[in-house]
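Only the coordinates and a few stated rules stand behind these numbers; no lab work does. As the structure is a prediction and not an experimental result, all values here were calculated from the model. Here the Cβ positions follow ideal geometry from the backbone for every residue, glycine too, while neighbour counts run over all protein chains shown.
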Amino acid sequence: MSEPKRASHSSVPATNAKLSAWVDEVARLTKPDRVYWCDGSAEEKTRLTEEAVARGVLLPLNPEKRPGCYLHRSNPTDVARTEHLTFICSREREAAGPNNNWMSPVEAYAKLGRLFDGAMKGRTMYVVPYLMGPAGSQFSKVGIELTDSIYVVLNMRIVTRMGRVALDALGNASDFNRGLHSTLDLDPEKRFICHFPEDNTIWSIGSGYGGNALLGKKCFALRIGSWLGRHEGWLAEHMLILGAEDPQGRTSYVVAAFPSACGKTNFAMMVPPERFKGWKITTIGDDIAWLRIGADGRLWAVNPEAGYFGVAPGTNFKTNPNAMKSIARDTIFTNVALTPDGDVWWEGKDGEPPAELIDWKGRPWKRGSTELAAHPNSRFTAPMTNNPILSPRADDADGVPISAIIFGGRRASTVPVVLQSFTWSHGVYLGATMGSETTAAATGKVGVVRRDPMAMLPFCGYDMGDYFAHWLRIQDRLTNPPPIFLVNWFRKSPDGKFLWPGFGENMRVLEWILARAHGEAGARETVVGAVPRAGDLDLTGLDLPADYLAAAMTVDRDEWRAEVESQGELFGKLDATMPAALRLERQLLQAKL
Ligand code: SAT
Ligand code: MN
């Protein structure tokens, strides 16, 4: 068998023998025509982009309207994460827990090995070194993704710190995540996303989409990351990180966990309403947080990512002006619609839909059509440096100290706009039992309530009960634990209207949360937690019927009785490892109700 050729303009960094040996081993299996080592340079970006355009992978958008922007249309059967094809391949089935699909590593390597055998014939295998987290940070980790998708390379270049910087961080170490990815023929029958936490390895085949294929994101930063975090004493969470500077100049940082497509990007880039003049929100991250306990006993966070892979539909200058500015240039759009003048469009973008569009499948579309022009999970990939409110500390190797933890789901009933937990373990209970309606971010039915503990159900790389125990143990090392809150922007009236306006108005809730964190605001205790009293939330200038607010804030005992009852399913499923402290929290609440 002949050795695969190496592309001429790519010098192979021969410094790391372990890395070179692994790349060679994978090349022998996948048999690419060429192996190309990415350096992350601007010159390389130009060259790979031109190649992607020539191959029809990317479509250039109008450079006057969207400079440096491109549209990608994915295969219509490959538009979201596929949780049923995602596996944790730990040696013991119990380690993966009932929350994960499990395959034995022996079986997974054999099964996927057969699919990877020769999968890259006729293709280039790109070696993508990337760093999750700021350079020089003790939080940060190196991954190498071997992929045959130029789309993946160009996206990874945006959402991670990619190329030279990662190889420099790695040096001679063998401690890197080994990611192998091939789109194969995009046949869903041959699609598997397998994680081998004991080997720090990911094998993903048959999909080119988002969280299935950009291995640094959900696969490494969350599934493998959570596993590493458990063994190394830190947390990998599905959380945004934002900074809030008050008019007195005090900046506080919060993390917030919401499930996919529930507004993390909007919250992280929020523009406070007029009434909050003098407040400044800054973004650290919009999707993932890696959290460690600092020497000062506080919780510290970094964003392992360097860009945003955000949901396009619903994004406009009213809901998220900073996202709109972030995607004005140098952005890759996936599965949105195309306007006749070479711009992008999606449902919920500003203004009337154009009379005619090319839809996300590349077919002509006319206004009034019953079909969606953009896929509901269509996305933008934009560098964080495009964000006008990017925090000056987004690259800080030490991260930022966290003043409050927020959990939030998409719930039409039961959960009030905001409540504060009584204690750390009660907060862990609220996060652990969080429910949310499913969204288009994953394939399957949309709008059904499922328990999504801490928004980590699809992303926790080990047994969920053990994960709760890890959260509980973290408190022992926190001399200064941040208070924990539960929020719900999505409560509806019986006739289906949203009771809370959301978006920038969430600033009103955030202000109360921060004031509580600093011991500066009052509250009223309910059976499920502390809620703002009338007057505690600043509602000046908010155009909202009084009965809406009251309904949005209500803690209804009947609803909560049903809620606690329905949590029984989760407790039953995780029976083997559910911490006693959380059972106790549930019993206490049951007794109070
Ligand atoms: O497709 S991703 O997993 O990257 C996005 C999401 O579901 O949050
Ligand atoms: Mn996400």
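The packing ranking, built from the mean of other Cβ atoms within 10 Å per residue, places the peptides 493-502, 372-381, 65-74 in the order 372-381, 65-74, 493-502, highest first. In order along segment 361-376, the Karplus-derived 3J(HN,Hα) couplings, from 6.51 cos²θ - 1.76 cosθ + 1.60 at θ = phi - 60°, round to 8, x, 9, x, 9, 10, 3, x, 4, 7, 8, 6, 6, 10, 5, x Hz, and Gly and Pro are given as x. Other residues with beta-carbon under 10 Å from the beta-carbon of residue 386 carry, at +1 per Lys or Arg and -1 per Asp or Glu, a net charge of +1.
Using only side-chain charges placed at the Cβ, +1 for Lys and Arg and -1 for Asp and Glu, the dipole size of segment 294-444 relative to its Cα centre rounds to 320 debye.
I need the shape label for the chain. Rule: rounded when a/c is under 1.5, else prolate if a/b > b/c, else oblate, with a, b, c from the alpha carbon gyration tensor. Note, shape of the chain comes out prolate. The alpha-carbon of residue 18 sits under 19 angstrom from the alpha-carbons of these lysines, leaving out residues fewer than 8 places away in its chain: 141.
Of all aspartates and glutamates in the structure, those lying under 13 Å Cα to Cα from residue 31, and not within fewer than 8 positions of it along the same chain, are 3, 117, 148. Full extension of the segment from residue 575 to residue 555, taken as 0.36 nm per residue of separation minus the current Cα-Cα distance, would add 4.4 nm.
Annotation: peptides 176-185, 260-269, 210-219, 544-553, ranked by per-residue average of other Cβ atoms within 10 Å with the highest first, follow the order 210-219, 260-269, 176-185, 544-553.
Between residue 539 and residue 104, residue separation times 0.36 nm minus the direct Cα-Cα distance comes to 151.2 nm.
Close amide H partners of residue 283, meaning residues 5 or more places away or on another chain with modelled amide H under 5 Å apart, are 243, 390, 391.
Derived scalar couplings between HN and Hα for segment 304-314 equal x, 8, 10, x, 10, 10, x, 6, 6, x, x Hz in order, rounded to whole Hz, by the Karplus curve 6.51 cos²θ - 1.76 cosθ + 1.60 (θ = phi - 60°), x for Gly and Pro. Charged neighbours of residue 277, selected by a Cβ distance under 13 Å, balance to -3 (K, R count +1; D, E count -1). The distance linking segment 525-593 with segment 156-190 is 41 Å (Cα centroid to Cα centroid, whole angstrom). Return, ordered by residue number, the residues of segment 110-127 whose backbone nitrogen is under 20 Å from a label point located 7 Å along Cα→Cβ of residue 164. Under 20 Å, as judged by backbone N against the label point of residue 164, lie 127 of segment 110-127. Under a 5 Å amide H cut-off, with hydrogens placed 1.01 Å from N, residue 71 pairs with 59, 61, 333 among residues at least 5 apart or on other chains. Calculate, for residue 497 and residue 526, the FRET efficiency according to 1/(1 + (r/R0)^6) with r their C-beta to C-beta distance and R0 22 Å; round to the nearest 0.05. Computed FRET efficiency for residue 497 and residue 526 comes out at 0.40. For the chain, the residue among 173, 542, 272 whose Cα projects farthest onto the positive side of the dipole built from Cβ charges is 173. Here the dipole of segment 474-555 is about 200 debye; that uses its Cα centre as origin and unit charges on the Cβ of Lys and Arg (positive) and Asp and Glu (negative). Here the simple spin-label model places points 7 Å from the Cα toward Cβ, and for residue 372 and residue 423 these points are separated by 4.4 nm. Within the same chain, lysines fewer than 8 places from residue 190 are excluded, and of the rest, those with a Cα less than 18 Å from its Cα are 111, 121. Taking amide H as placed 1.01 Å from N in the peptide plane, residue 146 has its amide H under 5 Å from the amide H of 128, 179, 180, 181, each at least 5 places away in sequence or on another chain.
Under the convention that each Lys and Arg Cβ holds +1 and each Asp and Glu Cβ holds -1, the size of the dipole of segment 308-386 around its Cα centre is about 140 debye.
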